[in-house]
Amino acid sequence: STISKDSLKTSLLQLECHFTWTLEKKYVSLEALEETILDHIKFLAEYEIRDYNLLSYVNYLKNSYEEALRSLKKAEEAIQKRHPDEIDRRSLVTWGNYAWIYYHMQRYEEAQTYVSKVENSCKKLSSTAHGKTELPEIYAEQGWALLRFGRTYFERAMNCFENALRSEPNNSDFSAGYATAMYRLEGNIQMYGGEMRPCLEALKRAVELNPTDTTVVALLALELQRLNRANEGERYIEEGLQKTPDFPIFLRHAANFYRKKGEVNKAVEILKKALALTPKSVVLHHQLGLCYRFKALQLKKTRYPPREEMKNLIELAIFHFKTVIDKKPVFFSAYSDLARTYAIDKRYEEAEEIYQKVLQRNELACDEKQDVYFNYGYFQQFHMKSESKAIKYYIECLKLEIDSYARKRSSEAVETLLKQKIESGLGDATDIGTLGLVHKLNGKKQEAIECYEEAFALDPNNEEYLNALTELRLSI
């Protein structure tokens with residue numbers, strides 16, 4: 001009956017599980033995420049409950065409801081095996097997911113059964129009566145799920161782990177999650193701008209609580225490297241290679257460390273080993289692409305670049321970047337990586353095609369767009385030798401307000417281009433007006449006014465300059 005369906009929906013929305021944590025599929029590629037979870041289960045069995053729960057939600061997003069139920073069954077088996085004395089407490093998220101999947105299958109009675117199971121357990125656990133259980137492990141499970149759904153959620157993930165740690169400050173899993181979320185946020189801020197929160201202490205704390213967790217050990221090493229303390233970091237990496245030589249997640253981070261250190265051959269060796277263990281890992285393909293492109297660029301700088309070897313490296317880089325984009329179309333930085341690789345080889349049409357492909361995507365975040373605009377502007381300026389197109393895309397980047405690395409570089413590039421043109425006497429009113437726009441977008445009102453006045457004096461019929469001047473003078 002419809003009434004029970006409505007009241008059921010109300011109860012479902014009260015549950016704490018993947019269906020109420022607003023994990024949107026537009027930020028991930030479901031195929032790639034599923035591969036990641038399956039690899040994780042294979043190499044880190046101790047987190048299988050969490051992983052099977054997340055897998056069931058991914059199955060649901062792929063409309064494989066039966067598969068979703070199978071994943072939840074595996075989560076239940078794992079709970080019975082790992083927490084036989086706390087089945088009720090440990091099953092709340094799993095049961096919540098069951099309820100939602102049955103609801104979507106229009107099996108309302110079964111859905112209601114699981115809602116009741118959760119509500120009764122919550123009463124037994126004597127927390128708030130509404131089935132909103134403030135259990136630290138549920139906060140943590142939410143945090144880990146958020147981390148898997150990409151950078152839009154890093155901030156929320158950090159807050160979840162913070163909540164979990166309030167109840168259990170010495171829990172190594174919560175501590176690892178908190179440190180991981182902070183590390184990812186910081187990497188994001190480095191790329192795209194924002195407020196820094198040092199995560200070194202959080203990582204040290206996580207390693208102290210669980211020195212066998214080499215994933216966090218590797219992040220600590222990478223953080224030390226970021227802080228120009230690479231020698232300290234390298235000791236952790238070497239230790240990790242001893243402890244878990246066949247653990248692909250650690251190997252990936254270790255390779256990243258060596259690549260950033262400039263030991264690219266060592267990085268390639270480690271990545272190949274990791275790829276043999278998890279052949280479908282998108283991240284490994286991306287890292288290999290970066291390594292091969294780096295090697296190709298190094299050769300290009302030599303006096304007589306060995307043609308064959310370079311061609312080979314470029315082909316390898318292209319293969320790996322293409323694999324990334326095929327498997328995970330939302331991996332947006334890989335498009336620029338691929339286009340820039342084509343450009344090294346002067347394959348400009350193919351590069352152009354990739355840029356057009358990514359410029360047409362509408363789910364790019366603001367800072368990702370800036371990144372693409374800057375790279376495309378650079379491509380137009382230095383490869384296609386089209387200053388006008390370069391200027392256009394650098395300005396597109398500046399129009400997006402976020403203060404990112406790409407925006408800073410676009411700003412410098414476009415100012416240099418315009419000033420060179422104007423100072424060499426080749427600049428016209430348009431160039432001076434454009435420089436005015438650049439200053440305006442950068443908040444330099446006085447400089448903007450001067451440029452627009454000069455442009456207006458040269459082209460007194462141009463209303464755009466007059467309007468800009470009026471607006472700027474009013475805003476001072």
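The values are calculated or read from the model by the stated rules, or taken from the named source; none is laboratory data. In this text the structure is predicted, and so the values were computed from the model without any measurement. Counting neighbours? That spans all protein chains shown, and the Cβs are built from the backbone with ideal geometry, glycine included. We work out accessible area using only protein heavy atoms, side chains counted, and drop any ligands, DNA or RNA first. Shrake-Rupley method; radii C 1.70, N 1.55, O 1.52, S 1.80 Å.
Within the set of pairs 6 or more residues apart or between chains, which connect a residue that is under 13 Å from GLU471 (Cα atoms) inside the stretch 431-460 to a residue that is part of a helix (DSSP H, G or I) and open to solvent by 50 Å² or more (accessible area, probe 1.4 Å) with Cβ atoms less than 6 Å apart?
Short answer, once both residue conditions are applied: ALA448/LYS440.
In the stretch 251-282, what residues are of a type in the set (D, E, K, R) and touching a Phe, Trp or Tyr at 6+ places or on another chain (Cβ under 7 Å)?
We begin by selecting, within the stretch 251-282, every residue of a type in the set (D, E, K, R); these are 252, 259-261, 263, 266, 269, 272-273, 280.
The one that is of a type in the set (D, E, K, R) and touching a Phe, Trp or Tyr at 6+ places or on another chain (Cβ under 7 Å): LYS266.
Do you know which residues across the stretch 96-111 are within 23 Å of GLU141 (Cα to Cα) and in contact (Cβ under 8 Å) with a residue 24 or more places away in the chain?
Within the stretch 96-111, GLY96, ASN97, TYR98, ALA99, TRP100, ILE101, TYR103, HIS104, ALA111 qualify.
Just to be sure before I move on: is ILE270 at pLDDT 95 or above and over 21 Å from the mean Cα position of the chain (by Cα) in the structure I sent?
Numbers: at pLDDT 95 or above: yes; over 21 Å from the mean Cα position of the chain (by Cα): yes.
So ILE270 passes the test.
Can you list residue pairs whose Cβ atoms sit under 6 Å apart, with the first residue in the stretch 178-192 being within 14 Å of TYR153 (Cβ to Cβ) and the second being open to solvent by less than 20 Å² (accessible area, probe 1.4 Å) and not in a helix (DSSP H, G or I)? Count only pairs 6 or more apart in sequence or on different chains.
Close Cβ pairs (under 6 Å, with a partner that is open to solvent by less than 20 Å² (accessible area, probe 1.4 Å) and not in a helix (DSSP H, G or I)) amount to MET182/CYS199.
Scan the stretch 170-218 for residues that are farther than 17 Å from LEU146 by Cβ and open to solvent by less than 10 Å² (accessible area, probe 1.4 Å) and jot them down.
LEU203, ALA206, THR214, VAL216, VAL217, ALA218
Quick one: is PHE250 closer than 25 Å to ILE325 by Cα and open to solvent by less than 10 Å² (accessible area, probe 1.4 Å)?
It is true that PHE250 is closer than 25 Å to ILE325 by Cα and open to solvent by less than 10 Å² (accessible area, probe 1.4 Å).
Among LYS25, LYS9, LYS73, which is the only one that is open to solvent by 60 Å² or more (accessible area, probe 1.4 Å), out of contact with any strand residue (DSSP E or B) (no Cβ under 6 Å at 6 or more places or on another chain) and either of a type outside the set (Lys, Arg) or free of Cβ contacts under 8 Å to residues at least 24 places away in the same chain (or both)?
Within the list LYS25, LYS9, LYS73, the selection yields LYS73.
With respect to SER167, is the statement that it is open to solvent by 10 Å² or more (accessible area, probe 1.4 Å), over 26 Å from SER333 (Cα atoms) and touching a Pro at 6+ places or on another chain (Cβ under 7 Å) true?
yes
Which pairs turn up if I take residues in the stretch 345-371 that are open to solvent by 50 Å² or more (accessible area, probe 1.4 Å) and look for partners that are hydroxyl-bearing (Ser, Thr, Tyr) with beta carbon separation below 6 Å, at least 6 apart in sequence or on another chain?
Here the result reads GLU350/TYR342, each pair linking the stretch 345-371 to a residue that is hydroxyl-bearing (Ser, Thr, Tyr).
For ASP428, all conditions in the list (1) loosely packed, with under 15 Cβ neighbours inside 10 Å; (2) without any contact (Cβ under 8 Å) to a residue 24 or more places away in the chain hold save one; what is the number of the exception?
Result: ASP428 passes all but (2).
Limited to the stretch 422-462, what total is found for residues that are farther than 19 Å from GLU412 by Cβ, assigned to a helix (DSSP H, G or I) and of a type in the set (D, E, K, R)?
Of the residues in the stretch 422-462, 4 are farther than 19 Å from GLU412 by Cβ, assigned to a helix (DSSP H, G or I) and of a type in the set (D, E, K, R).
Consider ARG197 carefully, then state whether it is within 28 Å of TYR405 (Cβ to Cβ) and out of contact with any Phe, Trp or Tyr (no Cβ under 8 Å at 6 or more places or on another chain). Lay out the reasoning, then the answer.
Values: within 28 Å of TYR405 (Cβ to Cβ): yes; out of contact with any Phe, Trp or Tyr (no Cβ under 8 Å at 6 or more places or on another chain): yes.
Yes, satisfied.
Here are some residues: LYS295, LYS272, LYS301. Which one is touching a residue at least 12 places away in the same chain (Cβ under 8 Å), farther than 22 Å from VAL372 by Cα and surrounded by fewer than 17 Cβ atoms within 10 Å (Cβ to Cβ)?
Answer to the check: LYS272.
From the list LYS311, LYS408, LYS322, LYS357, pick out the single residue that is modelled with pLDDT of 95 or more, more than 26 Å from LEU288 (Cβ to Cβ) and in a helix (DSSP H, G or I).
LYS408
May I ask you to list pairs of residues, at least six apart or on different chains, whose Cβ atoms are under 6 Å apart, with the first in the stretch 136-163 being of a type in the set (Asp, Glu) and the second being in a helix (DSSP H, G or I)?
From residues that are of a type in the set (Asp, Glu), the pairs are GLU141/ARG50; GLU141/VAL93.
Just a yes or no: is a residue in the stretch 124-135 open to solvent by 30 Å² or more (accessible area, probe 1.4 Å), in contact with an Asp or Glu (Cβ under 8 Å, 6 or more places away or on another chain) and under 18 Å from TRP21 (Cα atoms)?
Looking for residues that are open to solvent by 30 Å² or more (accessible area, probe 1.4 Å), in contact with an Asp or Glu (Cβ under 8 Å, 6 or more places away or on another chain) and under 18 Å from TRP21 (Cα atoms), one finds at least one in the stretch 124-135, hence yes.
Name the single residue, out of those in the stretch 407-425 being more than 16 Å from LEU458 (Cβ to Cβ) and hydrophobic (A, V, I, L, M, F, W, C), that is surrounded by the most Cβ atoms within 10 Å (Cβ to Cβ).
VAL414
Would you check if GLN112 is part of a loop (DSSP other than H, G, I, E, B) and either aromatic (Phe, Trp, Tyr) or open to solvent by 60 Å² or more (accessible area, probe 1.4 Å) (or both)?
no
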